[in-house]
Amino acid sequence: MFNPINKKKFAEIKSILIDHLNQLEGNKSLIPVDIFDVTKFSIDEFVSIFESMETLMRMKDFEGCLKLSRSILENSINLQYIYKEDTEKRAENFKLTQVKGMTKKFEVLDEFTPEAKEMYDLFKEKLKDYKEIKIREKFKVINSEIQYLKSYQRLSEFTHPTYRSKKIDFTERRPFVENLKRIVRSDTCLITLMALEVVCIKYDLDGGIMMIDEPGYIGQVFFATNPKKAEEDMKNHLLGRK
């Protein structure tokens, strides 16, 4: 029997994401522009991807969810890398990726008009301090290279056209299949919360708490995106009951 992805879990992580987005907006005046733009973009991306995964879930397209799981992982790593250190510089560099892409489009134009050359030169000037960072390097910087090897590479097999002699039957309860299901229904939520945590800690946002009840984990996971705030709230709650 097909084991569906937990719909409630996706709804909960989306609710948490939207709440964090509101917290971010409320502190916009305290956050440098590039950092705010990149953070808002990343959280918006999370929401959009989880919405797409809900659609695939209704169609019982588990493999499609795995492809999107890699996008969630990469989005989380990008944000964790940016917030690790030199945050303003890394956020600015991340935004320049769009300019880099536009520059490449100019380089394949059939006709390089004076107007196009002027725009191209402008883009090249903007990119003089741009540094392209490979995703594996980002995993390494945040001390998560083992996650690159175990998770990112495996998910990439579903993103890229990798030959398989037989399609995976997701109704089977084999260890490999169960691991893939765990990645979709729970690991995606956990790595999203890890990205939110670095934001909340840096700007002391209220954050939030999510419980992940996953058969593939040892016990239930309670994740607070601002552990300090969560601890203070718990103490105040207990004091209020006395």
**Message:** Taking loop as defined by DSSP and a crowding limit of 15 other beta carbons within 10 Å, which GluC sites (Glu not before Pro) in segment 1-103 fit?
**Reply:** E85
**Asked** Looking at the square roots a ≥ b ≥ c of the eigenvalues of the Cα gyration tensor of segment 72-151, which shape do they give, rounded for a/c under 1.5, prolate if a/b is larger than b/c, or oblate?
**Response** prolate
**Request:** With an 8 Å cut-off on Cα pairs and a minimum separation of 6 or more residues, tell me the relative contact order of segment 63-190 in percent.
**Result:** 44 percent
**Request:** Per DSSP H run of at least 4 residues, take -39500 (n - 2.57); add these up for the chain, divide by its residues and hand me the 222 nm value, nearest 500 deg cm²/dmol.
**Result:** -21000 deg cm²/dmol
**Asked** Taking a threshold of 20 Å on the Cα-Cα distance, which of the pairs K67/K181; K105/K131; K14/K100 fall above it?
**Response** K14/K100
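Round to the nearest 0.05 the FRET efficiency obtained for M59 and D213 when R0 = 35 Å and r is the Cβ-Cβ distance. List each step's numbers first, then the result.
Numbers: r = 24 Å, r/R0 = 0.70.
Approximately 0.90, to the nearest 0.05.
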**Prompt:** Ratio of Rg to Rh for segment 162-242, alpha carbon only, Kirkwood?
**Reply:** 1.18
**Message:** Please list, by residue number, every one of the trypsin sites (Lys or Arg not before Pro) in segment 87-166 that is coil in DSSP and has at most 16 other beta-carbon atoms within 10 Å.
**Reply:** K131, K134, R164, K166
**Fill in**
In debye to the nearest 20, the charge dipole size for segment 7-207, taken about the Cα centre with +1 at each Lys and Arg Cβ and -1 at each Asp and Glu Cβ, equals 1120 debye
**Prompt:** Any idea what the relative contact order of the chain is, in percent, if you count C-alpha pairs under 8 Å spaced at least 6 apart?
**Reply:** 26 percent
**Message:** I need the chymotrypsin sites (Phe, Trp or Tyr not before Pro) found in segment 200-240, filtered to DSSP loop residues with at most 16 other beta carbons within 10 Å of theirs.
**Reply:** Y217
**Asked** Over the chain, what lengths in whole Å, largest first, do the semi-axes of the equivalent ellipsoid take, defined as the square roots of 5 times the eigenvalues of the alpha-carbon gyration tensor?
**Response** 34, 28, 15
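The numbers here are math on the coordinates, done by the rules we state, and not lab data. Computed from a predicted model, the values in this text were never measured in an experiment. When we count neighbours, we look across all protein chains shown, and the Cβ atoms used for this are built from the backbone with ideal geometry, even at glycine.
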